[in-house]
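All remarks here apply to the structure that follows.
The values are calculated or read from the model by the stated rules, or taken from the named source; none is laboratory data. Please read all numbers here as calculations on a predicted model, not as lab measurements. Note that each Cβ is placed from the backbone with ideal geometry, even for glycine, and that neighbours are counted across all protein chains shown.
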Amino acid sequence: MKSGHWNRSQGDLKRRLAAAVGHDLLRELHRKVPARHFAVAVRQALLFAAAFCAGWLVDDPWVRVPAALVLGVVVFDGTILLHEVVHRAVFRDDRPRAYRLLGLLYALPSGISPTQFTRWHLDHHAELGSSVDDPKRAHLSPKRNARWLKLLYATPALFPIYFRAARRETATYPEPLRRTIALERLAATALHVGVASAIGLLGGVDRLVWLYLVPVFVVFPPAFTLNRLGQHYDVVPSEPARWGTRMARSRLWETVYLWSNYHLEHHYYPAVPFYRLPALVRALEPFFEREGIPARTYRGLVLDWIVRNRAPHTDWRGAGTHPGLCYSRPKAGAAAPEVHDGD
């Protein structure tokens, strides 16, 4: 049985957040526009198709290397689109069949089970802050604070690490749920084997390497690991408002990670669609300033994680002031941000 650690530990955080954002703005931030979601999904599909075609048609490393990078990132971004499905952040009303179909579709590029991901991720939200009941922290975070182990997460070793963690958590699920997860994993594995075989048979070994093996096994792991580094590794265990890492605003990372770099804000309001997270970030800047919550950069986090060898899920403020640690302060007297479909 899970304990509901996050809700039990928040104290008056919800009240402080509500006072900072305001009811009307918060209601607007939760408004879902399906066309905006699907515009992002179509863009990702077009990026994938363009990169795949370029890598297939042009036998040149100056084309195939960036094409493989794009393919790997788009494969990872499929998990972010799936994440929107998990939080029912696509449609204005609940559509179980549509969400089920989208979940299966978005899970295909990475080969994960959408049912397992859904249960895993919702448990992560409900048990945030618990070293036992949060499945990410209990099973996926490195248990030894060793640089070599941390670096393994950015290699193909990520896959056995992740699936071992998922298997341990899945063992606690009811039998019908385990059967569904097993079937989904079997189907995903068969699909990936089929796709890889087709690429190799029709295009040869070079295309198999650049269009499948490099994107999946070389690009995906560091993209996954860097994204996760900006979630819950630099935290303050005694302050629930800081049980996630606040990331500095960045158009580059918004594009690469489909706004999932704003993970702390997402935990505050999980039902806000990903395309509205930048507006939520702007609305929360006065709150962050009052709370003394710094904005981190990925470069600074990597320095702390690997170079300074900071332990996961601890307070990294002992790292001192460096280029990756900064405050994002609103201008004095700045008005609350407006939200519209162009944000």
By residue number, the members of segment 225-255 that are hydrophobic (A, V, I, L, M, F, W, C) and touching an Asp or Glu at 6+ places or on another chain (Cβ under 8 Å) are Val235, Val236, Ala241
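If the requirement is being over 17 Å from Val219 (Cβ atoms), assigned to a helix (DSSP H, G or I) and at pLDDT 95 or above, which of these qualifies: Ala39, Ala50?
Numbers: Ala50 fails: over 17 Å from Val219 (Cβ atoms).
On inspection, the qualifying residue turns out to be Ala39.
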Go through segment 57-77 residue by residue and tally those that are within 18 Å of Ile199 (Cβ to Cβ) and buried (at least 18 other Cβ atoms within 10 Å of the Cβ).
8
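Across segment 278-309, what is the total count of residues that are touching a His at 6+ places or on another chain (Cβ under 7 Å) and either in the same structural domain as Ser141 (by TED's automatic domain parsing) or not aliphatic (A, V, I, L, M) (or both)?
The initial filter retains those residues of segment 278-309 that are touching a His at 6+ places or on another chain (Cβ under 7 Å), namely 300, 303.
Filter again for either in the same structural domain as Ser141 (by TED's automatic domain parsing) or not aliphatic (A, V, I, L, M) (or both), leaving 300.
Within segment 278-309, residues that are touching a His at 6+ places or on another chain (Cβ under 7 Å) and either in the same structural domain as Ser141 (by TED's automatic domain parsing) or not aliphatic (A, V, I, L, M) (or both) number 1.
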Just to be sure, is Thr79 closer than 24 Å to His232 by Cα and over 15 Å from the mean Cα position of the chain (by Cα)?
no
Which of (1) farther than 26 Å from Thr79 by Cα; (2) surrounded by 19 or more Cβ atoms within 10 Å (Cβ to Cβ) does Ala241 not meet, given it meets every other one?
(1)
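Mind telling me which of the residues Pro312, Pro278 ends up being touching a Ser or Thr at 6+ places or on another chain (Cβ under 6 Å) and modelled with pLDDT of 95 or more?
Values: Pro278 fails: touching a Ser or Thr at 6+ places or on another chain (Cβ under 6 Å).
Of Pro312, Pro278, the one residue that is touching a Ser or Thr at 6+ places or on another chain (Cβ under 6 Å) and modelled with pLDDT of 95 or more is Pro312.
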